[in-house]
Structure formats: structure tokens, C-alpha cells
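Encoded as C-alpha cells, the structure appears first; notes follow it.
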Amino acid sequence: MTAQQTELQYLPPDLKRELLPKHVAVIMDGNGRWAKHQGLPRIMGHKAGVDALKDLLRCCKDWGIEALTAYAFSTENWGRPHEEVDFLMTLFQRVLRQELREMVEENVQIRFVGNLSSLPRSLQAEISRAMEETKVNRGIKFTIATNYGGRQEIIQACRAIAQKVQQGLLQPDEIDEATFERHLYTIGICDPDLLIRTSGEMRVSNFLLWQIAYSEIYITDTLWPDFDRHEFHRALCAYQQRERRFGKV
């Protein structure tokens, strides 16, 4: 842990524990631009991005935030150069293998959401092992959205519900928000209170379209590999200034 990270190992005094978000979601944008600014290949930006995510996870754990969801790979990301996609798949697999023991020891519950069946089989095996070995953990819930798309998730939920109606297991007038949520990838995970996007882009990029209906959104120009505990502190300070009315007065 760096000196700056050690300085913010504990919850800063200007943050109120009772006003912390229970669930933080992040769109980790800017790895490629970070690498370009450093004069490095794009893949080095992804490596640096993994380090930033690892520290954010530990920061959330240190500060008492219950859940963190990270947008690791979207359904649209398959359109990137083959070399970059192959590197990302290998990187995901290697990081899972290297970090799993520590995650187990730190009581982290790991969960992957998305169309996992399209991932390389070796990566699917590592994902299954990570989820199985951490499923009884009761610490922070760490969700990684991989080959994930919000529209895709909603379509598959509609298909699952339609099939139950067709089979006579569900009546159309029984379908409500709770029913729909039980058919999403994120079943059992509370909706994000705070959505953070780095690199200054002001869009949600097909991420958790149902779940972020009332999330507070925080945009920062900071590129993802530079998003450290000080940046997270700023995001939480901004969040605690928001008045969350959920459509009410």
C-alpha cells in the first residue's frame, strides 16, 4: 500500500458513516488514454486499471461499503482489436487465479454477471471456481460485469418471464418490479446508490440500465488508473451532499 493509500486506510473524518452508499458501481473508463499519455501500449493501461480496481475494492472494505460492482467488459467490447480482447481475457484469468486466495482470506464474496457462456472456457472455469470458493463469505460483495450489456440483460429477463407465462407458471397480472428483478443477472444484489464514471464521459454505456434508475451519478475527468482513494473520497463527499428524494418532494 502506498503512502497516500495508507493515509486513507480508515474512513476520513469528514465522511459520515450513516450517509455512505451501501453499493457503489463503477464504469472504469480511460485505461487506453492513460497508457497513451504515458507513451505505453494500451495493454499497460489495462494492467494499471486492475491495480486501481484492487485498491478501490480494499478501500470499500476498509471504509465499510457493502457492495462494489465494476464494469469490466461490455458486450460491445468484442469489437475492439483481437489482440486487445485476447489480452483482456488472459488478464482476467490471471488476476482471478492470483488474487483468489487473498479474496477468500479477506471474506470477499465474488460474483460475475453477464453472458458468461461466451467467454473462453478456461476463463469460465476460473470464474466458477472463484464464485464457488467465496459464496459463503459475508464480507463485501464484489460483482464483476463481464460480457455484460444492460439491454441484453433486460431481454433475457423478458424471455424468462414469457416462458413462465407460456408454461402457466406465472400470470401476466402477477408481473411486477419484484418479479422482473428476480430474473435479472443481479438478483440478490441491491441497486447501486452511487454510479461513478471516470475519464469525463457523460453516458452510462449500457450498464445496469434497470438498476441505476435512482442512482446518484458522479463523473470525474480522472482516468481510471489514476482513480485512487483520494479521488474516491471526493466522489463520496459529493455523494453525501446530494438529497436523495427518489421522485418525491
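The values are calculated or read from the model by the stated rules, or taken from the named source; none is laboratory data. Just so it is clear, the model here is predicted, and its values are computed rather than measured. Glycine gets a Cβ as well: all are built from the backbone with ideal geometry, and neighbour counts include every protein chain shown. Heads up: the accessible areas ignore ligands, DNA and RNA and are worked out on the full protein's heavy atoms, side chains in. Shrake-Rupley method; radii C 1.70, N 1.55, O 1.52, S 1.80 Å.
So for the chain, taking the charge dipole from beta-carbon charges (+1 Lys/Arg, -1 Asp/Glu), which of 157, 28, 215 sits furthest toward the positive end?
Most positive-ward Cα: 157.
So if I place +1 on the C-beta of Lys and Arg and -1 on the C-beta of Asp and Glu, and nothing else carries charge, what would the dipole magnitude of region 183-249 be about its Cα centre? I want it in debye, nearest 20.
Working: 8 positive and 9 negative charges, 59 e Å.
My answer is approximately 280 debye.
Can you tell me which of 25, 162, 52 moves the most in a GNM of the chain? Springs connect C-alpha atoms under 10 Å apart.
Evaluated over the chain, the most mobile residue of the options is 162.
First compute the accessible area of region 1-78 with a 1.4 Å probe, then give the percent of it belonging to carbon and sulfur atoms. Walk me through the numbers before you get to the answer.
On the way: 2060 of 3910 Å².
Carbon-and-sulfur percentage of accessible area, whole number: 53.
Let's test this: bin the Cα-Cα distances of region 114-236 at 10 Å from zero up to the farthest pair and state each bin's percent.
10, 31, 36, 19, 4, 0
Give me the Å³ per residue figure for the convex hull around the C-alpha atoms of region 111-161. The partial results should precede the final answer.
Numbers: hull volume 4.8 nm³, N = 51.
Considering the Cα atoms of region 111-161, their hull volume per residue is 95 Å³.
Using only alpha carbon positions, build the gyration tensor of the chain, then give the equivalent ellipsoid semi-axes as the square roots of 5 times its eigenvalues, largest first, whole angstrom.
On the way: eigenvalues 163, 113, 68 Å².
Over the Cα atoms of the chain, the semi-axes work out to 29, 24, 18 Å.
Ordering 190, 59, 237 by accessible area with a probe of 1.4 Å, largest first, what comes out?
Working: 190 70, 59 0, 237 40 Å².
If we order 190, 59, 237 from most to least accessible, we get 190, 237, 59.
For the chain, set up a GNM with springs between Cα atoms under 10 Å and report which of 205, 118, 128 has the largest fluctuation.
For the chain, modelled as a Gaussian network with Cα springs under 10 Å, the answer is 118.
Sum -39500 (n - 2.57) across every DSSP H segment of at least 4 residues in the chain, then divide by the residue count to get the 222 nm mean residue ellipticity, nearest 500.
Working: 8 runs with 106 residues, N = 249.
Roughly -13500 deg cm²/dmol at 222 nm, from the helical runs in the chain.
Take the residue pairs 22/141; 22/47; 22/61 and return only those whose Cα atoms are more than 18 Å apart.
Details: 22/141 10 Å; 22/47 28 Å; 22/61 11 Å.
Beyond 18 Å: 22/47.
Can you tell me the FRET efficiency between residue 234 and residue 47 if r is taken as the Cβ-Cβ distance and R0 is 25 Å, rounded to the nearest 0.05?
0.55
Could you give the size of the charge dipole of the chain about its Cα centre, using +1 on the Cβ of each K and R and -1 on the Cβ of each D and E, expressed in debye and rounded to the nearest 20?
Values: 32 positive and 34 negative charges, 40 e Å.
Computed charge dipole of the chain: roughly 200 debye.
Hey, in the GNM for the chain with a 10 angstrom Cα cutoff, which one of 96, 194, 208 fluctuates hardest?
Sorting by GNM fluctuation, first place goes to 96.
Identify the residues of region 117-143 with backbone N under 17 Å of a label point that sits 7 angstrom from the Cα of residue 190 along the Cα-to-Cβ direction, or state none.
Answer for region 117-143: 138-143.
Answer rounded, prolate or oblate for region 1-141, using the Cα gyration tensor with square roots of eigenvalues a ≥ b ≥ c: rounded when a/c is under 1.5, else prolate when a/b is larger than b/c, else oblate. Please report the intermediate quantities before stating the final value.
Numbers: a/c = 1.94, a/b = 1.27, b/c = 1.52.
Taking the square roots of the gyration eigenvalues as a ≥ b ≥ c, region 1-141 is oblate.
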